[in-house]
1. Sort B:171-177, B:564-570 for me by packing, meaning the mean count of neighbouring Cβ atoms within 10 Å per residue, highest on top.
2. Just the C-alpha atoms of the protein assembly as shown: what Rg/Rh do they give, with Rh taken as the Kirkwood radius?
3. Segment A:298-535: percent of C-alpha pairs farther apart than 27 Å?
4. Calculate the mean, over all residues of peptide A:492-502, of how many other protein chain Cβ atoms lie within 10 angstrom of the residue's Cβ.
5. Using the crude model of +1 on Lys and Arg Cβ and -1 on Asp and Glu Cβ, and no other charge, please compute the dipole size for chain A relative to its Cα centre, in debye to 20.
6. Between copies, how close do the residue A:245 label points come, placed 7 Å along Cα→Cβ, listed in nm from shortest?
7. Mind putting a number on the dipole of the protein assembly as shown about its Cα centre? Charges go on the C-beta only, +1 for Lys and Arg and -1 for Asp and Glu, and I need it in Debye to the nearest 20.
8. Hey, what's the Cα Rg ratio for segment B:169-293 versus the globular rule of thumb, 2.2 N^0.38 Å?
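Computed from the coordinates by the stated procedures, all read-outs in this text should not be read as laboratory data. Small disclaimer: the values here were computed from a predicted structure and weren't measured. Positions of Cβ are backbone-derived with ideal geometry, glycine not excepted, and every protein chain shown enters the neighbour counts.
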2 protein chains.
Amino acid sequence: MGVQEEASSVVPVLPAKHSGIPQYLFEKATAAKKTIFKGRTKPAKQRQRVPVVPQGIERDAFIAALEELGGQLGKENVEVNDKPLVDGWYMEHPNTHDMMTILDEEEFVASAVVYPSTTEEVQSIVQWANKHKIPIFPISMGRNLGYGGAAPRVRGSVVIDLGRRMNRILDINPEDYTCLVEPGVSYYGLYEAIKERGYDHLWIDVPDLGGGSVIGNAVDRGVGYTPYGDHWACHSGLEVVLPTGEVIRTGMGALPGNNTWQTFPYGFGPFSDGIFSQSNYGIVTKMGMTLMPNPGGYEGFMYTFPKEEDLAPLIDIIRPLRISMILENVAQLRHVTQSVAARGIPRSKFYSGSGPIPMDIVHKAAAEQPVGDHSWGYYGMCYGPEHIRKHKLAIIDAEFKKIPGARKIDPKSLPEDEYYFARERVAAGIPDIHELRWVNWTPNGAHIAFSPVSPIRGTDATALNDLGRRIHDKYGIDFFPAFIVGLREMHLIVEIVFDRDDPERKKAALDCLRDLVEEAAKLGYGEYRTHLVLMDQVAGTYNWNDSALMKFNEKLKDALDPNGILAPGRCGIWPKRYRNRGWEMTRESGVKSEGNGVEP
Amino acid sequence: MGVQEEASSVVPVLPAKHSGIPQYLFEKATAAKKTIFKGRTKPAKQRQRVPVVPQGIERDAFIAALEELGGQLGKENVEVNDKPLVDGWYMEHPNTHDMMTILDEEEFVASAVVYPSTTEEVQSIVQWANKHKIPIFPISMGRNLGYGGAAPRVRGSVVIDLGRRMNRILDINPEDYTCLVEPGVSYYGLYEAIKERGYDHLWIDVPDLGGGSVIGNAVDRGVGYTPYGDHWACHSGLEVVLPTGEVIRTGMGALPGNNTWQTFPYGFGPFSDGIFSQSNYGIVTKMGMTLMPNPGGYEGFMYTFPKEEDLAPLIDIIRPLRISMILENVAQLRHVTQSVAARGIPRSKFYSGSGPIPMDIVHKAAAEQPVGDHSWGYYGMCYGPEHIRKHKLAIIDAEFKKIPGARKIDPKSLPEDEYYFARERVAAGIPDIHELRWVNWTPNGAHIAFSPVSPIRGTDATALNDLGRRIHDKYGIDFFPAFIVGLREMHLIVEIVFDRDDPERKKAALDCLRDLVEEAAKLGYGEYRTHLVLMDQVAGTYNWNDSALMKFNEKLKDALDPNGILAPGRCGIWPKRYRNRGWEMTRESGVKSEGNGVEP
């Protein structure tokens, strides 16, 4: 692996118009000679035989179909993917692939990207796809870092980039504490709109990275770090274009003239919103979101715990505190290795050997940090007026101090740029992107996540942590565990950071992940979300009663999408024309360049 | 209308085995010569041509099919409905019809009631129904008072009474604060099991009446009165028998060997639970429910407000307090007429004229009550240790006192049997049935509900209240409004109490309801739930974009239930073989005795 110390030349200081991230942040980062994310050094490769054509359609017919679509949407809104693949995260490049791809970038790649501006245009794209039997893959803004980015699951799909032109905040209701947004509204965008309107009583909840789409994150069932952290649970009302082109509004949205679409999620009859999350049953074009009331004060806090084995007793201490909302927000217990990496310093500064970085080196690096040496760091936030916070903080302090060597960190002792403050901002609903710095741990850094769910129990934490470390060690990968405690469950989020220009390390990362998923399932743990490339495997672990749930999912898919055009393979759900035994292995190993296995 | 003063002879003091309500409650009520609910005076009528046979099947074939089912389940578990219809709420009578029926009892009536004891038996019943094309209608315990009780939507359906034999508490997890129950577990049953096990740190949330099924209420999206009042939102994990007989487990339940079914609701892939609420897409045979942590103290409070027109400013005061959880539980603002009726005294004691009871008489009656005269009463609860409660109660007091004449009621000044304490028990998660006393307002009392949803705004409250009063006045019906504030929405719950042995008053009640639904929809308000007889009408108001949502619901129905056997018509969703234009009017007006309009 090469070492990349000086990467400021690749800091992107490009218009942030479509990035979801404000321009000033990049300017600030450049001015300070700091990088949020160093990007990659290699120039984009020349490509062969472009555009990629989806399986089952002739090249000429495909080109003609794209021209037909251009006639409907305007030529400028149908972009053929025939240029070198440039990572497009916060640049003005099209969302053609996964900028952090774990496979070759040509595997999960778009044939074209189209930019609708209205729900009606989304409908016409869907109708077009049905007419020509072309797979389409909708993205909101295409962030989804660590889970596949903007890439389609089926090579050659036409990516519908909803975010570029459908980025309106349709409503912010300061009385109901709700908003209604389109897919291109990022957390930064929503946050700034609320500030601009002077609604200091409204908070938003943000995930680790604020540049993503509010809709995209909720629909993937992502989480944030205030009491409104369960984004899916906090939404109210969807507008969905079905795979056959009809538009529905769910909940109260189905009642003409209603004023309750964003205040009461259920409506009357079947509550269908859930089947549009983590699925390929429809394209969400509008979503209502509830907003948190300003709690009247907040106070971040951090504790460190010295030993690896403090994990189990600590998790058992956290459980009742979290369920009873003394710990009010999504609780985070992060391993020291990730905290060291979160400073944005490359691993090579500390260690140049092969295999995982030895723990004594990590501890030495940690000891030199302002936070000091530790094994686990708890990042928390208390909300409300001071006397209410005091009540909760006193209970937390007494409980956490039961762990020998537990230390409360005084935030005043930390420098402004410390990772701690990024966590504090996020827990206060302020969008941030500091979190991404640990991607710089390796050159050409990228990441991919392993995210199993368990109860909040010391035994489960230990089992998952041991499993993770054992399998990471096997593949020589540094282990970055973080336990994220929802309410009654915790997500262990393990980010594998890899050099995306090093095929061997990519293979090791993917093999490691596959082992993790398989071994965790044997212990009864499943993932809450996964990368495109692992979707079949993860879905396959949810196989109770002869895979009854997947058969049910497929029955719905076939009923709603008879031509199988919408995001085939997303979350492991394949439409009928893609389901055939002979092809199963191809699906599982990633779709190959010359075919998707689709029956013509 | 006759007057029924002495009804203690019909107080049911029968074994409460299948009632969901403990025996001692009935004994207590009888001992005190008090009635919870007076029942009816008329003996059950003799019936003709029993059992009722579902449309589309010959009588002999039907009898033979029932015998075949008896062979599978045991004869004693297939009960033909050929005896007089006796109200079965807390007696040992079968759940054959709606004991509070607004139509003739023979309209929505079961042909037979069957009692499975396992999920496998539910599967075999479903397979049997598909084989013979017999409509089946699952109930948990058949309470659902005011919304259709135990009655099937289609006359002659075979009712699957899940509650009688599938009434096990499969798990109570004191670490995760969760439980797993079968359909026959009532709130009373769950409450007592938790007490028996000594789990003082676990609370349940209960709706107004504690005798119903935990599953049944959640699946109908009922609410309770603690911070865990949104029962659907608080569930985690379902086991569902599909209309074609397969069994799925949702969420983490699909992962073999998992220990997260009750702690993480979503699982991986489409979150399908919602489509099994208020629908006819499956039979829920197990459900996980999260339990509230004991908040470490609680304190009920009540405020009264003198004038009708205090409603609007009060609702505007409630909104921000509720959204910011200063008002922590489902907030209830009840009209004085209902509070007077909640004492269980018949209307005739106060007024014997026709038309709605004049408000001066209501106020005179209220003035003689311990709570004193008022127009609106707020029933609330504060949770947590004393100093935390003080903080919240002080804010509430300052805000509520902005209404001139607002009075805080000292609970110590009230007699033990006062309605206030029933509300307090319910808000503390203690099952109760006092609420039902207002059904004694009329002889042979029954009730049916109108339940529109609106934002928490004074203008909406006034619009709905005015609409309700105007239409009640038109039909000469006493108006019992209660505003139940969820979080960002309120349900106006209007209970119409009627004499179920008076066909004219029943017709007036139903006509009133139909007007209410229609007029509310014109203003943009829709119901969150409704009675069987109104399901088509209510579903019809959710008709945005040429009824796109209902077409979607029907598409799912046809995919999941191709033979259309499962609860046809529930929530307005009719399977294909019941959908034909010629029959639409029949459906709308209630299914007639000699046919369901089903295509043979």
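1. In decreasing order of mean packing, B:171-177, B:564-570 become B:564-570, B:171-177.
2. With Rg and the Kirkwood Rh in hand, the quotient comes to 0.97.
3. When every Cα pair of segment A:298-535 is considered, 33 percent fall beyond 27 Å.
4. Per residue, the average neighbour count from other chains is 0.
5. Charge dipole of chain A: 360 debye, to the nearest 20.
6. Its label point is 3.8 nm from the equivalent points in the other copies.
7. 60 debye
8. 0.99
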